[in-house]
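**Q** Once you've had a glance at the structure underneath, I'll fire off some questions.
The values are calculated or read from the model by the stated rules, or taken from the named source; none is laboratory data. The model shown is predicted, which means the values in this text are computed figures rather than measured ones. Note: ideal-geometry Cβ built from the backbone for every residue, glycine included; neighbour counts use all protein chains shown. Areas reflect the complete protein model, heavy atoms only, side chains present, ligands, DNA and RNA absent. Shrake-Rupley method; radii C 1.70, N 1.55, O 1.52, S 1.80 Å.
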Amino acid sequence: MKALILVGGYGTRLRPLTLSKPKPLVEFANKPILLHQIEALQAVGVNEVILAINYQPQVMQSFLEEFEMKLGIKITCSQETEPLGTAGPLALVKDKLIEETGEPFFVFNSDIICEYPLREMIEFHKAHGGEASILVTKVDEPSKYGVVVLDEETGKVKKFVEKPASFVGNKINAGIYLLNTSVLDRIQPRPMSIEREVFPSIAEDGRLYTMVLTGFWMDIGQPKDYLIGLRLYLDHLRRNSSSELAVGPKIIGNVLIDDSVKIGEGCMIGPDVAIGPGCIIESGVRLSLCTLMKGVRVKSSAHVSGSIIGWHSTIGQSAHVRSMAVLGEDVYVSDTMFLNGVVVLPHKEIASHFVKPEIIMACLFASN
Ligand code: GDD
Ligand code: MG
């Protein structure tokens, strides 16, 4: 079975992290986002994953080589010369997606994290006999997503509305599809939206079905949602009694700590923390709801909460970093500094306090 992952876009909403790596390679719970997805696909028998990319192909290439070897699965890249949206990239690799057996294929948005009930989805797809299946989930703010109006009994989609201006329902497209190869006949190799141009027409033909996702789901394409996603993911590990979660007197709630991390005396870590490889946590440090990427040093008595700290950054002694601060790669926060909700570009040194949550160190919040 094959799968295509849509890895386009510049990931501007996850800057400054995406100034150092493409979004799908940014670690989530100590693993590249993409790897969570590829492992789930491999677990249900997918033997080839095609990454549809239009950004930083060289970095992606070295990732592919590393994980093809590690996982023993074929991973290839299909690069667009211009962004082809969420449908166009499928037409580019039409021949690769069509298998002799006529099997359907998976399509994933690259920025979503959930429990991936892919086996159930395959069963569901076979049983309804339509052309396409999409996973849906319930959210409080449906206007940011693709909204699906469906027949509750059969799961058949009556209407698919991408980013509706007014309320049509709260079940939304979770960004995971299982498609028959016949769907490819509806797509051309031009900039084309699967949500706006393809799904509405399949729905009109009565051949689009949805399976409602049980368990957690999150689009982790922006810092606030990334941290909510982390909390949900760690809670999911807890409910499944995962041995990956840290235990010990310094640990509160759900915490993930790479084996190579060094932790000093008198620290309090958790809840909802992920600490990447090679991090050094000195004595008396307090961490809650945060991610420390690889190689971060947190000096003694510093506090980090509700924030994401980029690779190889340093948090000075007794410094406080909090309320949705996002530090890029190799940022140096001087001792005793107070950083509230700031976004810091890579390779910067911070030697003054930033107390207002709105303060942003550079104009980084583009709309996409
Ligand atoms: N290769 C390629 N080329 N990929 C692209 C392109 C492109 O031109 N444009 C977007 N993508 C990829 C993104 O990288 C992402 O993985 C996926 O397509 C969806 O694009 P987003 O920009 O993340 O869309 P969204 O989050 O606003 O909405 C989508 O996801 C929601 C769920 O998170 C839609 O599919 C909604 O219907 C859905 O509810
Ligand atoms: Mg998205």
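**Q** Using alpha carbons only, how many degrees (0 to 90, rounded to 10) separate the axis of helix 33-43 from the longest principal axis of the chain?
**A** The answer is roughly 50 degrees.
**Q** Calculate for the chain the 222 nm mean residue ellipticity that helices alone would give, adding -39,500 (n - 2.57) per DSSP H run of length 4 or more and normalising by residue count, nearest 500 deg cm²/dmol.
**A** Details: 7 runs with 69 residues, N = 368.
So the calculated ellipticity at 222 nm is -5500 deg cm²/dmol.
**Q** Oh, and also: Working with all protein chains in place, sort Asp219, Asp151, Asp140 by solvent-accessible area computed with a 1.4 Å probe, largest first.
**A** Working: Asp219 35, Asp151 55, Asp140 160 Å².
Putting Asp219, Asp151, Asp140 in descending order of accessible area: Asp140, Asp151, Asp219.
**Q** Placing unit charges on C-beta atoms (Lys and Arg positive, Asp and Glu negative, everything else neutral), compute the dipole magnitude of the chain about its Cα centre in debye, rounded to 20. Mind showing how you got there, number by number?
**A** On the way: 36 positive and 42 negative charges, 165 e Å.
So the magnitude is around 800 debye.
**Q** Going from most exposed to least, what order do Ser260, Ser20 have by accessible area with a 1.4 Å probe?
**A** Values: Ser260 55, Ser20 35 Å².
Correct descending sequence by accessible area is Ser260, Ser20.
**Q** Further question on the same structure: Under a 1.4 angstrom probe, counting protein chains only, how are Met337, Met324, Met69, Met268 ranked by accessible area, largest first?
**A** Working: Met337 25, Met324 55, Met69 165, Met268 90 Å².
Ranked list, largest accessible area first: Met69, Met268, Met324, Met337.
**Q** Using a 1.4 angstrom probe and counting only protein chains, how large is the accessible area of Val44 in Å², to 10?
**A** 30 Å²
**Q** In whole Å, what is the distance between the alpha-carbon centres of the stretch 97-168 and the stretch 6-57?
**A** A separation of 20 Å, based on Cα centres.
**Q** Right, next: Could you work out how much longer the chain between Leu237 and Lys94 gets when fully extended? Use 0.36 nm per residue separation minus the Cα distance between them, nm to one decimal.
**A** 47.8 nm
**Q** Right, something else. Can you give the accessible area of Leu345, probe radius 1.4 Å, in Å² rounded to 10?
**A** Here the accessible area works out near 40 Å².
**Q** In degrees between 0 and 90, to the nearest 10, how far off the longest principal axis of the chain does helix 223-239 point, with axes built from Cα atoms?
**A** The helix 223-239 is inclined about 80 degrees to the chain.
**Q** Hey, another quick one. What is the helix-to-structure angle for 118-128, meaning the angle in degrees between its Cα long axis and the longest Cα principal axis of the chain, kept from 0 to 90 and rounded to the nearest 10?
**A** So the helix axis and the longest Cα principal axis differ by about 20 degrees.
**Q** Let me ask you something else. Restricting to the stretch 244-365, compute how many DSSP beta bridges are antiparallel as a %, nearest 5.
**A** On the way: 1 of 36 bridges.
In the stretch 244-365, approximately 5 percent of DSSP beta bridges are antiparallel ones.
**Q** Residues in the stretch 26-47, backbone N under 12 Å from the label point at Lys70 (7 Å along the Cα-to-beta-carbon vector): list them, ranges by number please.
**A** Residues 26-28, 30-39 qualify, since their backbone N sits under 12 Å from the label point.
**Q** Using only alpha carbon pairs under 8 Å that are at least six residues apart, calculate the relative contact order of the chain and give it in whole percent. It would help to have the intermediate numbers written out before the result.
**A** Numbers: 914 pairs, mean separation 50.8, N = 368.
So the answer I get is 14 percent.
**Q** How big is the accessible area of Arg207 in square angstrom, nearest 10, if you roll a 1.4 angstrom probe over the protein chains?
**A** 90 Å²
**Q** Now for a different question. Please report the relative contact order for the stretch 244-365, taking Cα pairs under 8 Å with a sequence separation of at least 6, and give it as a percent rounded to a whole number. Each step should come with its number before you reach the end.
**A** Numbers: 397 pairs, mean separation 17.1, N = 122.
Relative contact order for the stretch 244-365 comes out at 14 percent.
**Q** Please work out how much length the chain gains when fully extended from Thr154 to Thr181, using 0.36 nm per residue of separation minus the C-alpha to C-alpha distance, in nm with one decimal. Can you show the working numbers first?
**A** On the way: separation 27, 0.36 × 27 = 9.72 nm, distance 2.23 nm.
Using 0.36 nm per residue and subtracting the Cα-Cα distance, I get 7.5 nm.
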